[in-house]
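Working notes, beginning with the structure itself.
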Amino acid sequence: EERQPLKIMIYGAPASGKGTQCELITNKYNLVHIAAGDLLRSEIAAGTDNGKLAKEFMDKGQLVPDKIVVMMVKERLMQPDSQQYGWLLDGYPRSLSQATALKEFGFEPDIFILLEVPEEILVERVVGRRMDPVTGRIYHLKYSPPETEEIAARLTQRFDDTKEKVVLRLHTHHQNAEAVLTLYKDITVKLLKNVQVNSI
Ligand code: AP5
């Protein structure tokens, strides 16, 4: 009998460590990592109309409209690799309407991972975060520093990773969190802030 591929959602405040945990989980379980924020940043990088519109909302720390995000995520979930290997969905759903839309398309998770990290830690994680444009890896200047000088020299920072912007992103998160969490409470697994990088 063939096993069904695993389907996981991961949820948490901005910079709570979703991307970091996803890297560890996908290495272990070979799932397809689908990050809504990454999909949006690729649209921005490609200069598409959706990308241009999305950037306006991301600059304000607000949710990008459903008409862009829902189809984008749905199409990625429908790809053969996601269907075959299973998926790890990161940064979606962020609202009741996004959750409902996905359910209507027949996508339901087996597990909902919730990252719980106190707010004062989030700000520190945001401002210290750096990305490696070559490998896509996430670093932190203090908690997960680059391995070599060469990597250190090429690290970049996200346009929305400032102290001012994270306050706006957090506000949006708080507006929607309860509605989303209620939906998945029966399949929720909580990970607390003391989960260290590389410890899962
Ligand atoms: P998105 O890209 O999803 O950003 P986010 O939710 O704010 O989350 P982050 O990517 O900032 O953080 P993370 O939780 O992945 O943390 P990370 O592992 O990097 O979304 C950006 C924007 O796009 C949104 O504001 C919105 O506008 C739009 N958007 C996205 N999805 C949308 C949707 N569904 N609908 C509408 N709009 C949408 O870790 C952070 C830092 O901490 C790193 O430096 C890391 O090294 C460090 N760190 C991680 N874990 C630990 C640890 N245990 N100890 C110490 N340091 C740690």
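The figures follow:
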item	result
Residue tally, condition within 12 Å of the ligand (Cβ to nearest atom) and either free of Cβ contacts under 8 Å to residues at least 60 places away in the same chain or not in a helix (DSSP H, G or I) (or both), over region 99-114	4
Test for G61: is it assigned to a helix (DSSP H, G or I), touching a helix residue (DSSP H, G or I) at 6+ places or on another chain (Cβ under 8 Å) and within 25 Å of S97 (Cβ to Cβ)	no
Subset of region 116-137 that is modelled with pLDDT of 95 or more and in a strand (DSSP E or B) - its residue that is surrounded by the fewest Cβ atoms within 10 Å (Cβ to Cβ)	M131
Region 64-86, subset aliphatic (A, V, I, L, M) and open to solvent by less than 60 Å² (accessible area, probe 1.4 Å), residue nearest to A35 (Cα to Cα)	V73
Residue in region 167-183 that is open to solvent by 70 Å² or more (accessible area, probe 1.4 Å), within 30 Å of T100 (Cβ to Cβ) and touching a Leu at 6+ places or on another chain (Cβ under 6 Å) present	no
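The values are calculated or read from the model by the stated rules, or taken from the named source; none is laboratory data. Treat the numbers as computed from the prediction; the structure is a model and nothing was measured. Here the Cβ is made from the backbone with ideal geometry for all residues, glycine too, and neighbour counts use every protein chain on show. Areas reflect the complete protein model, heavy atoms only, side chains present, ligands, DNA and RNA absent. Shrake-Rupley method; radii C 1.70, N 1.55, O 1.52, S 1.80 Å.
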